[in-house]
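Asker: Let me begin by handing over the structure; questions about it come next.
The values are calculated or read from the model by the stated rules, or taken from the named source; none is laboratory data. Nothing here was measured: the structure is a model prediction, and the numbers come from that model. A quick note on method: Cβ atoms are made from the backbone with ideal geometry, for glycine too, and the neighbour counts reach across all protein chains shown. Ligands, DNA and RNA are stripped out before the accessible areas are found, and what is left, the full protein with its side chains, is counted by its heavy atoms. Shrake-Rupley method; radii C 1.70, N 1.55, O 1.52, S 1.80 Å.
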Amino acid sequence: MQDLLIALGNIFEPDSLFVLIIGTLAGMVIGSLPGLSSTMGVALVIPITFSMSPENSLILLGAVYVSSVYGGSITAILLRTPGTDASIATALDGYPLAQQGRGAEAVGMATIASLIGGIFSTILLIAVAPPLSRIALSFGPVDYAVLAVFGMVTIIGVVSSNPIKGAVSAAAGLLLATIGMDNFTATQRFTFGESSLFDGVPLLPALIGLFSISQAIALSVPKSASILSETADISHGRPYPSVELIRKCLRTIMKSSIIGSAIGVLPGAGTSIAAFISYNEARRSSKTPENFGKGEIEGVAASEAANNAVTGGTLVPTLTLGIPGNAVTAVFVGGLTIHGMAPGPRLFTDFADVTYTLILSLFLANLMFAIIGLGVGRYLVYVTRIPGSVLGPLVLAFSFIGTYALRNNLFDVGLALCFGILGYFMERRNYPAAPLVIALILGPIFEVNFRRAMQISSWDLTIFFDRPLTIFLMVLVVAAVALPVWQHRKAKRAIAESIGNESATEKS
Amino acid sequence: MTVTTLFKSATATAAITLSVAAAPALAEYPERPVTMIVAWGAGGSTDTMARIFSDYIGEDLGQRFVVENREGAGGEVGWTALANAEADGYTIGLINSPSFESKGIVRDDVGYSMEDIRPLVNVVTDPGVIAVSADSPYETLDDFVEAAKENPGELSVSHEGVGGDDHLAALDFTDKAGIDVNFVTFDGNAEATAALQGGHIDAFEGNMSEVANQIENGSVRALAVWSSERMDAIPDVPTGQEQGYDVISAASRGLAVPAELSDEQYNTLLEAARGVIENEEFRAELAELNMPVVPIYGEDFVQFLENNRDTLQNLWEKDPWIEQ
């Protein structure tokens, strides 16, 4: 308690508040720029923290982390260019809303959902950090393998009205995921001697290509360039979502906050998976699921509440055990270590005041980005007024700079361009890009964990039926496949019946 | 601005640029910021060390040393970049032993050759550690060996990639102990220690700096450290030799330069590095990170890596660690 009071004193120091504001702004900008990921943002500011006090450097890292996850939503909604992979699901409904002239409203909803999700997960972090991290540890390689399958099955069902096209896209992602050095045998697979591919197809260039460059190409092609100029008429839209609308989405936001926090605690699964699972859940429980993908604001709320709820969740195992849940928190561990703070239980004993300063700064950073987002986010809708001929090259330039900056590697830029062309044609043929990207992330997680499980059990497949947790996860997978099929059948039967009734009436 | 004035200012600028460009012949090296290639991502142990080192050497030589992360392929991307970099003294890099020497033994299409890179100085030597979770029944190496003998092919030991120092140490240990265990490949120690604490694997093979904090806070129990003497960071952990298992293994991190670098610049860097390594503040910072400073300078470091390569080459020819 005393530590909490010290932390409270720390955070309201003028220099700490200054760092917090700078961090929040920087995070929002980094997050909203395609190609600059949260991981990259946090990694970029670590060198700056060298000369700071431990308190201030953690405030900076925390602020950049949470606000960059939020920042991705603005461009996802207004430009269909998710600033980070966390906001891929946000674009599904956010962009159609922007096209309908409700961009400002969608950004407002995203901000409120992000705020609630972020605050919820921070409360969770401060309240139940140690017990929750023990749940995360009980996930072994077998469980991760099943979880990866669950993620892929869910995503295929989520993003496309045509599951076959979704599955084709995911299959392409899985194939691409086989490229790279096999760490189990130290052999190269499909790299053709290109050292930049030894670690597999780099995710961010693929992401930037599929989501940003494809968009830049679309903007530069005459006719399709008008996609954005059509959306430019936002003056009629509401600047903020109505209280009634927020109240309507509150259930979804709370549910997504819980899902996001829970997924955040699990190592490996990150913001994008949480967003997709919550999005799918929102659609499943909606009275009007057919509106999803066409501009349902509840979809934006679900995705954004979930991805920001992940932030607090990922810090649970990071801070309590020193086990980072994802790439961003892995960088966090580096940031902590630089200041001589060993991640682990000692953070809550020896360095409790610093650790609580970090947690409190997450609260403030969430409030800060919400204030800035609600204040300025509305005006950010005007970026859609920029003609395609300006915006296209601008997106292209940012994409190239971002891609190059990731590894200082020109090969990646070419790769991003290839993915951009692929993404452009996929979109024209109505193949969703998200399953490809998700499969690119989850494919290796599945492969590696499946092989680990087999190494542990000496190729005994019964390891999948050894523990209740694994069986529970497999039931989830079966449900994720069966539910949409069942719903589809039910809908079909309903249609068939109504047609039957109609023809019956016609005859009479 | 008219065309003439534009032309005039352009010539003026050109003249200034030329005079500046001509200066290096007289000025002291380094004249401008030096790039330090780190073949791993930001925030990792090599990166952390490099960033601390760059601050000290930069202050010493009066120029910024800028860390550039060129990660990928277990170091190969960065080392290939270092091997191909211009040998003008403005690109140096970090190398990691034994990965640096072992790649060329396993594959003949490695992007760099050891001959293209001249080792400068070894900074840190991080010994191998075998550890179990705090609630594991094994207290000593003998406990573990006994259990493995009773249940051949049942216990699992993690390592971080085939052919890396962890894998080689684990192979050496199980070979000398005469036990048969399942090796489980992980990509990093974070996942492996999580699996260890969750009870999914029985033992973890990694480097000391990666788990020293967890050993200290009691969430992980080290059975042995693969060094000839006990380490300051984990004084209660016995060596393998103390327990009758003659296994020595470590990961080393040092600096290197492109092979063609002039001796003059090489020596400037070597002396500056010596100054950094002898600096008490620098040593204190690395001690805080549980990274043992083991300096090996210049030609000795070259010899050290060559010896290592020969040992690995013999081992490979006798008993390849990767099935072919």
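Asker: Identify all residues within region B:190-228 that are without any contact (Cβ under 8 Å) to a residue 60 or more places away in the chain and open to solvent by 40 Å² or more (accessible area, probe 1.4 Å); write none if there are none.
Answerer: B:Glu191, B:Glu216, B:Asn217, B:Ser228
Asker: May I pose another question? For B:Ser97, state whether it is within 14 Å of chain A (Cβ to nearest Cβ) and not hydrophobic (A, V, I, L, M, F, W, C).
Answerer: On the way: within 14 Å of chain A (Cβ to nearest Cβ): no; not hydrophobic (A, V, I, L, M, F, W, C): yes.
Answer is no for this residue.
Asker: Something else now. Step by step: first the residues of region A:168-188, then only those that are modelled with pLDDT of 85 or more and farther than 15 Å from A:Val437 by Cβ, then the one that is nearest to the other protein chains (Cβ to nearest Cβ). Which residue is that? Give the derivation first.
Answerer: Step one: of region A:168-188, the residues modelled with pLDDT of 85 or more are A:168-180.
Restricting the remaining residues to those that are farther than 15 Å from A:Val437 by Cβ gives A:178, A:180.
Numbers: A:Thr178: 16, A:Gly180: 8 Å.
Result: A:Gly180.
Every residue, every condition in (1) of a type in the set (A, V, I, L, M, F, W, C); (2) in a helix (DSSP H, G or I); (3) open to solvent by 30 Å² or more (accessible area, probe 1.4 Å); (4) away from every other protein chain (no Cβ under 12 Å), yes or no:
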position	(1), (2), (3), (4)
B:Glu28	no, no, yes, yes
B:Glu31	no, no, yes, yes
B:Met36	yes, no, no, yes
B:Trp40	yes, no, yes, no
B:Thr46	no, yes, no, no
B:Glu59	no, yes, yes, yes
B:Val66	yes, no, yes, no
B:Trp79	yes, yes, no, no
B:Leu82	yes, yes, no, yes
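Asker: For B:Phe53, indicate whether it is open to solvent by less than 20 Å² (accessible area, probe 1.4 Å) and within 13 Å of another protein chain (Cβ to nearest Cβ). Before you say what the answer is, go through the steps one by one.
Answerer: On the way: open to solvent by less than 20 Å² (accessible area, probe 1.4 Å): yes; within 13 Å of another protein chain (Cβ to nearest Cβ): yes.
Yes.
Asker: Restricting to region B:243-258, name every residue that is open to solvent by 30 Å² or more (accessible area, probe 1.4 Å), modelled with pLDDT under 95 and either within 30 Å of B:Ile92 (Cβ to Cβ) or in contact with a strand residue (DSSP E or B) (Cβ under 8 Å, 6 or more places away or on another chain) (or both).
Answerer: Matches in region B:243-258: B:Ile248, B:Ala250.
Asker: So, one more: Quickly run through region A:189-204 and pick out the residues that are in contact with a Gly (Cβ under 9 Å, 6 or more places away or on another chain) and at pLDDT 80 or above.
Answerer: Selection gives A:Arg189, A:Phe190, A:Thr191, A:Ser196, A:Leu197, A:Gly200, A:Val201, A:Pro202.
Asker: Does region A:297-317 contain any residue that is facing chain B (nearest Cβ under 10 Å), more than 18 Å from A:Ala86 (Cβ to Cβ) and either at pLDDT 75 or above or in a helix (DSSP H, G or I) (or both)? Break it down into steps so the answer makes sense when it comes.
Answerer: Of region A:297-317, the ones facing chain B (nearest Cβ under 10 Å) are A:317.
Now drop any that are not more than 18 Å from A:Ala86 (Cβ to Cβ), which leaves A:317.
So of that shortlist, the ones also either at pLDDT 75 or above or in a helix (DSSP H, G or I) (or both) come out as A:317.
Checked region A:297-317: at least one residue is facing chain B (nearest Cβ under 10 Å), more than 18 Å from A:Ala86 (Cβ to Cβ) and either at pLDDT 75 or above or in a helix (DSSP H, G or I) (or both).
Asker: Next question, about the same structure. If I go through region A:431-471 residue by residue, how many of them are within 11 Å of chain B (Cβ to nearest Cβ) and crowded, with 23+ Cβ neighbours inside 10 Å?
Answerer: Within region A:431-471, residues that are within 11 Å of chain B (Cβ to nearest Cβ) and crowded, with 23+ Cβ neighbours inside 10 Å number 4.
Asker: Restricting region B:129-177 to residues that are of a type in the set (S, T, N, Q) and open to solvent by 30 Å² or more (accessible area, probe 1.4 Å), which is farthest from the other protein chains (Cβ to nearest Cβ)? Don't jump to the end; show me each part of the working.
Answerer: Pass one, region B:129-177, residues of a type in the set (S, T, N, Q): B:133, B:136, B:140, B:151, B:156, B:158, B:174.
So of that shortlist, the ones also open to solvent by 30 Å² or more (accessible area, probe 1.4 Å) come out as B:140, B:151.
Numbers: B:Thr140: 23, B:Asn151: 11 Å.
Top of the filtered list is B:Thr140.
Asker: Return a yes/no flag: does region B:144-163 have any residue that is in contact with a Leu (Cβ under 6 Å, 6 or more places away or on another chain) and without any contact (Cβ under 8 Å) to a residue 40 or more places away in the chain.
Answerer: Yes: one or more hits.
Asker: Sort out which residues of region A:180-190 are surrounded by fewer than 19 Cβ atoms within 10 Å (Cβ to Cβ) and within 28 Å of the chain's Cα centre (by Cα), and write them in order of number.
Answerer: Step one: of region A:180-190, the residues surrounded by fewer than 19 Cβ atoms within 10 Å (Cβ to Cβ) are A:182, A:184-185, A:187, A:189-190.
The answer is A:Asp182, and nothing else.
Asker: Please count how many residues of region B:178-189 are modelled with pLDDT of 90 or more and either among the basic types (Lys, Arg) or open to solvent by 10 Å² or more (accessible area, probe 1.4 Å) (or both).
Answerer: Residues in region B:178-189 being modelled with pLDDT of 90 or more and either among the basic types (Lys, Arg) or open to solvent by 10 Å² or more (accessible area, probe 1.4 Å) (or both): 6 in total.
Asker: What are the pairs with Cβ atoms under 8 angstrom where one residue, in region B:245-273, is under 29 Å from B:Trp226 (Cα atoms) and the other, located anywhere, is open to solvent by 40 Å² or more (accessible area, probe 1.4 Å) and of a type in the set (A, V, I, L, M)? Sequence gap at least six, or different chains.
Answerer: Note: pairs meeting the criteria are B:Ser252/B:Val294.
Asker: Does region B:91-108 hold any residues that are within 30 Å of B:Glu31 (Cβ to Cβ) and either surrounded by fewer than 19 Cβ atoms within 10 Å (Cβ to Cβ) or β-branched (Val, Ile, Thr) (or both), and which are they?
Answerer: If the condition is that a residue be within 30 Å of B:Glu31 (Cβ to Cβ) and either surrounded by fewer than 19 Cβ atoms within 10 Å (Cβ to Cβ) or β-branched (Val, Ile, Thr) (or both), then B:Thr91, B:Ile92, B:Ile95 are the ones that fit.
Asker: Select from region B:36-79 the residues that are among the β-branched types (Val, Ile, Thr) and in contact with a strand residue (DSSP E or B) (Cβ under 9 Å, 6 or more places away or on another chain) and list them in ascending order. Walk me through it before giving the result.
Answerer: Of all residues in region B:36-79, those among the β-branched types (Val, Ile, Thr) come to B:37-38, B:46, B:48, B:52, B:57, B:66-67, B:77.
Residues satisfying the conditions are B:Ile37, B:Val38, B:Thr46, B:Ile57, B:Val66, B:Val67.
Asker: With the structure loaded, tell me whether A:Pro393 is farther than 30 Å from B:Ser156 by Cβ and outside any helix (DSSP H, G or I) or whether it fails that test. If you could, list the steps in order and put the result at the bottom.
Answerer: Values: farther than 30 Å from B:Ser156 by Cβ: yes; outside any helix (DSSP H, G or I): no.
Here the answer is no, as A:Pro393 does not meet what is asked.
Asker: Taking the condition facing another protein chain (nearest Cβ under 10 Å), more than 23 Å from the chain's Cα centre (by Cα) and at positive phi, does B:Gly218 pass?
Answerer: When the stated conditions are applied, B:Gly218 passes them.
Asker: Quick one: which of A:Phe292, A:Phe332, A:Phe276 is modelled with pLDDT under 80 and among the aromatic types (Phe, Trp, Tyr)? Before you say what the answer is, go through the steps one by one.
Answerer: Numbers: A:Phe292 fails: modelled with pLDDT under 80; A:Phe276 fails: modelled with pLDDT under 80.
On inspection, the qualifying residue turns out to be A:Phe332.
Asker: Here's a follow-up. Within region A:479-493, identify whether any single residue is away from chain B (no Cβ under 14 Å), within 24 Å of the chain's Cα centre (by Cα) and of a type in the set (Val, Ile, Thr), and answer yes or no.
Answerer: Yes: region A:479-493 contains one or more residues that are away from chain B (no Cβ under 14 Å), within 24 Å of the chain's Cα centre (by Cα) and of a type in the set (Val, Ile, Thr).
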